[in-house]
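Below is one structure, written out as C-alpha cells; comments come after it.
The values are calculated or read from the model by the stated rules, or taken from the named source; none is laboratory data. If you're wondering where the values come from, they're calculated on a predicted model, not measured in any experiment. We place every Cβ from the backbone using ideal geometry, glycine too, and count neighbours over all the protein chains shown.
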Amino acid sequence: MLAIEARDVAKTFRAGWIRRRETVALRSVSLAVPRGAIVGVLGPNGAGKTTLLSIFATLLTPDRGSVTILGHDVVREAAALRRRLNMASGRPSFLWSLRVGEIVAFYGRLYGLHGATLARRVDELIETFELTTHRRAQYNELSTGLKQRLALAKALVNEPELLFLDEPTLGLDPDVSVRVRAHIRSLRRERGMTIVLTTHYMREAEELCDEIAFIKDGRILARGTADDLKRQIGLGDVIALRVEPPAPWLRNAPGVLRCADNDGWVRCTVDDAEKRLPELLRQLYAEGREVKSVQVKEPELEEVFVELAR
C-alpha cells in the first residue's frame with residue numbers, strides 16, 4: 001500500500017510585474033512511496049527537493065499532475081491530511097521570543113492536544129531531543145543545532161503517520177546527528193512511520209533510506225536502493241593490486257573498464273568485482289606473479305551523486 005503516489009507533478013514559480021520571470025521547479029515528477037518506508041530525495045541545490053516535499057506536505061499546490069497522500073488528494077483534501085503528517089526543515093524559524101517549551105506546546109495545541117496529554121507529550125519530546133536544560137531558553141538564544149533539534153521535536157508533536165524531513169541533521173554536531181538518525185530509524189521500526197527526507201550527506205542517505213530518488217532540474221533522473229543506483233550509473237568496482245612483477249595485460253583483461261598505476265598499486269575499475277577478482281588472481285598466479293596485496297572498493301553513493309549532478 002502506498003503512502004504517497006505522485007504523477008506528473010509540475011510546479012513553476014512566477015515573479016515580477018513588469019519583467020515577468022518564471023522558474024520551473026518541477027517537471028512531470030512521478031514518485032511512489034510505500035507505507036512504512038524511508039525514502040530519500042537527493043539532488044543539487046535548486047533541484048526541486050524542497051518544492052516537492054512542500055507539495056507533499058500540503059504547503060504548496062502543484063500546477064499540474066496529481067498527488068495522493070495516505071489515500072487523500074493533496075489539493076482537495078488538504079485539511080483532512082494535515083493532522084496526519086508533519087514536516088521539519090533544516091532551516092527552522094519560530095517566533096524569536098518564545099521559549100523552547102512554549103514552542104512545542106503551541107504546536108501541540110494546534111494539533112488538538114490539551115491539559116495533561118499535552119504536558120506529557122511536551123516533556124517526552126524535550127527529553128528525547130536533549131532540550132531539557134534549554135527548556136526555558138528563548139528561541140533567539142539557541143544555537144543552530146539546538147534550533148534544528150527543536151524543529152524535529154515540533155514535527156513529532158502530533159505523532160504523524162507521514163513525516164517529511166528537509167535536511168534533518170543540518171548543523172548538528174556528529175554525536176547528536178548519530179542520535180537523531182537512530183531516532184529516525186526507531187520511528188519507522190516501532191511506529192511504522194513513513195518518512196521522506198532530503199539530505200546532502202550521502203552516508204546518511206545510505207544508512208537511513210530504503211530507496212533514494214535523485215532529482216535534478218526538476219526531474220527525477222534515477223531511483224532505487226543505493227546499490228541499485230550504483231549499478232545503474234555503471235561506475236564499477238575498483239580492485240587495487242600490488243603485483244610483482246607488473247602485469248601490463250591487466251588493463252585489457254575481460255571486464256576491466258580502465259586501469260591506473262600509482263605508488264606501486266594498479267587500480268582496475270571492473271564491471272563486477274565478485275566475478276572478475278577470482279579470474280584476475282588465477283591468471284596472475286598461473287604466470288608465477290606475486291600478489292602482495294589486494295583491496296576491493298565499491299563505488300560510494302557520493303560518486304553516484306557527482307555523476308548524476310553533472
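Let me confirm something: among LEU152, LEU125, which residue is modelled with pLDDT under 95, surrounded by 20 or more Cβ atoms within 10 Å (Cβ to Cβ) and in a helix (DSSP H, G or I)?
LEU152
Can you tell me which residues in segment 225-253 are under 30 Å from ALA3 (Cα atoms), surrounded by fewer than 15 Cβ atoms within 10 Å (Cβ to Cβ) and not charged (D, E, K, R)?
Within segment 225-253, THR225 is the sole residue that qualifies.
Considering only residues that are at pLDDT below 95 and not in a helix (DSSP H, G or I), which ones fall in segment 132-149?
LEU142, SER143 - these are the residues of segment 132-149 that are at pLDDT below 95 and not in a helix (DSSP H, G or I).
I'm checking my understanding of the structure. Among residues of segment 269-297 that are at pLDDT below 90 and touching a helix residue (DSSP H, G or I) at 6+ places or on another chain (Cβ under 9 Å), which one is nearest to ASP227 (Cα to Cα)?
LYS297
Which of the helices (runs of 4 or more DSSP H) found entirely inside segment 169-247 contain at least 1 residues meeting this: modelled with pLDDT of 90 or more, on the phi < 0 side of the Ramachandran plot and of a type in the set (S, T, N, Q)?
Of the helices (runs of 4 or more DSSP H) lying wholly inside segment 169-247, those with at least 1 residues that are modelled with pLDDT of 90 or more, on the phi < 0 side of the Ramachandran plot and of a type in the set (S, T, N, Q) span 174-191.
Go through (1) within 24 Å of the chain's Cα centre (by Cα); (2) surrounded by fewer than 16 Cβ atoms within 10 Å (Cβ to Cβ) one by one and return the number of the condition LEU95 breaks.
(1)
Inspect all residues belonging to segment 31-45 and state whether any of them is modelled with pLDDT of 95 or more, surrounded by 15 or more Cβ atoms within 10 Å (Cβ to Cβ) and outside any strand (DSSP E or B).
Within segment 31-45 (the criterion being modelled with pLDDT of 95 or more, surrounded by 15 or more Cβ atoms within 10 Å (Cβ to Cβ) and outside any strand (DSSP E or B)), the answer is yes, since at least one residue qualifies.
Please give the number of the condition ASN140 fails out of (1) farther than 22 Å from GLY48 by Cβ; (2) surrounded by fewer than 20 Cβ atoms within 10 Å (Cβ to Cβ); (3) in contact with an Asp or Glu (Cβ under 7 Å, 6 or more places away or on another chain).
For ASN140, the failing item is (3).
Just to be sure, is VAL9 β-branched (Val, Ile, Thr), buried (at least 22 other Cβ atoms within 10 Å of the Cβ) and free of Cβ contacts under 8 Å to residues at least 60 places away in the same chain?
yes
Which of the residues belonging to segment 258-278 are free of Cβ contacts under 8 Å to residues at least 24 places away in the same chain and surrounded by 15 or more Cβ atoms within 10 Å (Cβ to Cβ)?
Matches in segment 258-278: CYS259 only.
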